[in-house]
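Read the figures in this text as sums done on the coordinates, not as results from a lab. Worth saying up front: this structure is predicted, and the values here are computed from it rather than measured. Counting neighbours? That spans all protein chains shown, and the Cβs are built from the backbone with ideal geometry, glycine included.
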Amino acid sequence: MLGYLTARQTGLDDPLRLKRAESTRRVLSLKLNPDRDVDRIHGNGINTLDIETIEGRYMLSGGADGVIVIYDLENYSSKTQYTCKAVCTVGRSSRHVHKFSVETVQWYPYDTGMFVSSSFDKTMKVWDTETLKPAEVFEFDGNVYSHHLSPIARKHSLIAVGTTNPKIQLCDLKSGSRIHVLQGHRAEVLSVRWSPRYAHILATASADSKVKVWDVRRAAGCLFTLDQHNGEKSKASSETVNTAHNGRVNGLCFTSDGLYLLTTGTDDRMRLWNSASGENTLVNYGKVCNESRKKLQFTVSRGCSPEFVFVPCGSSVAVYALHTGELVTMLRGHYNNVDCCEFHPDYQELYSGGKDCNILAWVPVLRTPDMEEESNQEKKGAAGPSAVNPAFQDTWSSDED
């Protein structure tokens with residue numbers, strides 16, 4: 001670490017290099033925090049989480065019980081052990097509560113005064129945070145699997161919505177109406193995601209095994225459909241032309257710079273794509289267990305070198321190196337399947353929710369010699385890479401002396 005500080009002070013090194021190295025070290029040391037609890041409010045599984053980016057203080061959760069909860073993640077006590085309190089709840093006693101499972105919640109990207117939720121009750125609601133009442137309600141013909149607002153859009157206020165109907169709906173927050181439909185999928189749309197790089201680029205994933213990338217300014221069809229075989233006409237690909245997976249595609253996630261797109265499917269595979277060309281980068285992540293038949297929420301780290309992917313995998317969260325596909329570690333702590341995880345870029349923390357009704361906080365820890373010895377023993381006795389890979393430790397330890 002002294003090497004980084006000296007080089008930064010003398011102007012020999014990029015100031016961001018120290019930040020990236022420290023962010024990487026913190027991600028590699030993520031552990032379940034025994035001193036931090038999150039209020040257990042949900043009476044059924046937790047499907048979705050979202051942390052607002054304005055202050056990085058409040059977190060939304062939506063559950064299979066139809067309940068929506070807002071948590072305050074700040075610790076205002078002087079004690080090490082504390083609980084992240086639920087400050088607001090849209091519970092079963094509210095007349096505005098969703099009737100069925102809440103599948104997606106998302107903060108309005110520019111302030112915390114509004115958030116959006118969607119549900120299997122065939123509605124999407126735009127909420128006023130202060131009154132906890134919906135300012136707008138959009139109704140659809142089928143269950144809503146996913147919705148997403150662009151994190152960077154200034155010229156439009158569109159919400160992309162995926163439902164049991166193969167047509168993707170585009171709803172306008174300003175007018176309160178559905179203004180456009182994107183046609184191309186042949187089965188329910190399980191996940192939708194706007195690019196964090198270009199405000200008009202949208203990716204959609206469907207149960208028809210396809211992922212499409214759209215430019216919403218164009219009236220004529222999508223830009224391209226992702227092909228796992230990169231256009232190679234083989235016997236294997238001839239039967240599944242332009243499919244991203246050999247099963248339902250239920251997860252989408254752009255990297256923070258928008259240059260790459262990650263997809264997950266029920267074929268137990270995760271794939272990394274060049275978002276500009278649609279090319280499959282052929283990174284091999286191995287088997288990524290995926291039993292969910294609806295949207296799977298996974299996330300990517302930010303500010304690290306290399307970047308990491310956090311994916312629900314059974315009752316654990318698998319951590320992969322983004323560009324090599326190497327399994328770095330498995331975060332174990334849930335008692336049932338994990339359905340969602342959300343990365344906090346300000347503190348390099350991870351929050352995960354699952355069918356055990358718990359939200360767990362995974363936070364960086366200071367590695368001591370005892371922990372290093374314990375980690376080494378785990379690696380020696382493990383059949384797979386369940387501990388941190390030594391190759392990633394070089395990003396920090398090589399400059400510590």
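Here are the numbers for the structure shown:
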{"read-out": "Long-range amide H partners of SER191 with built H, under 5 Å", "value": "ALA205"}
{"read-out": "Residue-span extension gain [ASP215 to GLU55] - 0.36 nm each, minus C-alpha spacing", "value": "54.5 nm"}
{"read-out": "Charge sum, other residues only, whose C-beta stays under 15 Å from ARG293's C-beta, Lys/Arg counted +1 and Asp/Glu -1", "value": "-3"}
{"read-out": "Cut-off under 5 Å, modelled amide H: who pairs with THR48 long-range", "value": "GLY62"}
{"read-out": "Phi-based couplings in Hz for segment 331-345 (Karplus 6.51, -1.76, 1.60; Gly and Pro marked x)", "value": "9, 10, x, 6, 9, 8, 4, 8, 10, 7, 8, 9, 9, 9, x"}
{"read-out": "Residue-by-residue Karplus 3J(HN,Hα) for segment 271-277, coefficients 6.51, -1.76, 1.60, Hz, glycine and proline x", "value": "10, 10, 10, 6, 6, 7, 9"}
{"read-out": "Between segment 84-123 and segment 200-227, the Cα center-to-center distance that results, in Å", "value": "27 Å"}
{"read-out": "Kirkwood-Stokes translational diffusion coefficient of segment 145-284, alpha-carbon pairs, 4 °C, 1.567 mPa s, µm²/s", "value": "86 µm²/s"}
{"read-out": "The chain: translational diffusion in µm²/s, Stokes-Einstein, Kirkwood Rh over Cα pairs, 25 °C, 0.890 mPa s", "value": "112 µm²/s"}
{"read-out": "Computed helical MRE - 222 nm, the chain, DSSP H runs ≥ 4 contributing -39500 (n - 2.57), nearest 500", "value": "-3500 deg cm²/dmol"}
{"read-out": "In sequence order, calculated HN-Hα J values of segment 18-35 (Karplus, 6.51, -1.76, 1.60; Hz; x Gly/Pro)", "value": "4, 4, 5, 5, 5, 4, 5, 4, 5, 5, 6, 10, 4, 9, 5, 7, x, 9"}
{"read-out": "Amide H partners (placed H, <5 Å) of CYS313, local residues excluded", "value": "ALA318, VAL338"}
{"read-out": "Per-pair calculated FRET efficiency, R0 = 30 Å: ASN246 and ASP346 via Cβ, rounded to 0.05", "value": "0.20"}
{"read-out": "FRET E, pair HIS180, ALA135, Förster distance 22 Å, beta-carbon r, rounded to 0.05", "value": "0.55"}
{"read-out": "Pairs beyond 19 Å (Cα-Cα), from LYS167/LYS212; LYS122/LYS167; LYS212/LYS355; LYS294/LYS355; LYS210/LYS295; LYS31/LYS294", "value": "LYS212/LYS355; LYS31/LYS294"}
{"read-out": "Per residue convex hull volume, Cα atoms of segment 228-368, in Å³", "value": "112 Å³"}
{"read-out": "Rg/Rh for segment 75-182, where both radii come from Cα atoms and Rh is the Kirkwood radius", "value": "1.04"}
{"read-out": "Relative contact order for the chain, counting Cα pairs under 8 Å that sit 6 or more residues apart, in percent", "value": "15 percent"}
